[in-house]
């Protein structure tokens, strides 16, 4: 069943790739044959609702989605996520042993539950097979069709003594089932009522607390994966913004655009368009990951609460909203492609610090320090730190809300400052513009 799910996922990915390739060839053929090429992405709702900002945002969405780098990058991320989820399940399917259990007589719900619990405890796949009599069950044992037989819920049969080289029965499984069946018989001899049996059977083990941390849990693993994707996407989309502003300035396209829209509208539309593409790609990756996990029965995402996944998406949006304005303003101060690395390095230091610190805390699984919790309210590091606190269930709803509001306030402040720099620097040429020249009043005689 898991192999079928993997094949289905691969078929869907290949079908999408082929459909995109055919659509691109069709657009080229239609555009070159004298007929006007159809626009593959028309956003009338966005453009009519936001005016000039919507026009700029629609233009950014079309450029990004049509780009080969975006499509190939999305496909690579989807393949990587699918590999991380599918490969561990393939290993499990090849090593999971099987126990064929014959049943003579009626199997009560209590005994059936006992067999299932024993199978899970010993990591065995239990297959039940009904037998008409003790003699037919013994014959099936001798021929190897069955590994163990339960007779009237009071006796168990095996072909050879347990532990011998000729025995097909799993010793821990047989011992566990025999012990549980003995407990059920003890209930009957003690004369317990149905309600009393339910109380005793529903007893849960007492909690066991370890003095030293153990291995990674599913929640920790999911939190680490979420942080890696958050870091990759955040740096990718913000770099898009920086390069887009730089290319428009160096090619003088920005002068044409500013003749029809205001600088703040142009900058806001660019940030909004790339942000919508970012959220669309992130939602696609999360959806594909959940679908593949459900199809192949992976436990990698098991234990990942929906609130943790939503928190990752929200902080991707808030992190992009904060940093995109900074990167856009930085892109307006340069005019050559070779200056991208020089600009991106200092801007990425808070992102890198928050990512490394957060992934260390998420991997350790311990109690976060006070300093880490404080960073969860600081807008540059909140996207990473607060998402980890949510994944570790170390943040209350009001703490999450407070961090969100502080990030929004910081984004507004950064947007105002970045728009001021962008307005003064985007039309200035002749060399890289220094920050000290932009924070003061505009120089007389220069176009702001």
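Read-outs: derived from the displayed coordinates by stated rules, not from any lab. Just so it is clear, the model here is predicted, and its values are computed rather than measured. A quick note on method: Cβ atoms are made from the backbone with ideal geometry, for glycine too, and the neighbour counts reach across all protein chains shown.
Quick look at the numbers
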{"quantity": "Simple spin-label estimate for residue 374 and residue 132 in nanometres, 7 Å along Cα-Cβ", "calculated": "8.0 nm"}
{"quantity": "Segment residue 142-residue 69, length gained on full extension (0.36 nm per residue, minus Cα span)", "calculated": "20.0 nm"}
{"quantity": "Region 66-143 - Kirkwood radius from inverse mean 1/r over Cα pairs (Å)", "calculated": "16.4 Å"}
{"quantity": "For peptides 324-332, 395-403, sequence by mean Cβ density within 10 Å, most packed first", "calculated": "324-332, 395-403"}
{"quantity": "Label zone at residue 310 (point 7 Å along Cα-to-Cβ), backbone N below 18 Å, region 221-244", "calculated": "223"}
{"quantity": "Added length on full extension, which subtracts the Cα-Cα distance from 0.36 nm per residue, residue 98 to residue 247", "calculated": "47.5 nm"}
{"quantity": "Proxy reagent accessibility, fewest Cβ within 10 Å first, across 338, 52, 170, 147", "calculated": "338, 52, 170, 147"}
{"quantity": "Prolate/oblate/rounded call for region 98-197, Cα gyration tensor, a/c under 1.5 rounded", "calculated": "prolate"}
{"quantity": "Spin-label model distance (nm) - residue 106 vs residue 80, 7 Å beyond Cα toward Cβ", "calculated": "5.9 nm"}
{"quantity": "Full-stretch length increase - residue 262, residue 197 - with 0.36 nm per residue and alpha-carbon distance subtracted", "calculated": "15.8 nm"}
{"quantity": "Residues residue 228 and residue 401, FRET efficiency given R0 of 22 Å [Cβ-Cβ distance, rounded to 0.05]", "calculated": "0.25"}
{"quantity": "Separation in nanometres of the label points that stand 7 Å from Cα toward Cβ, at residue 120 and residue 291", "calculated": "2.9 nm"}
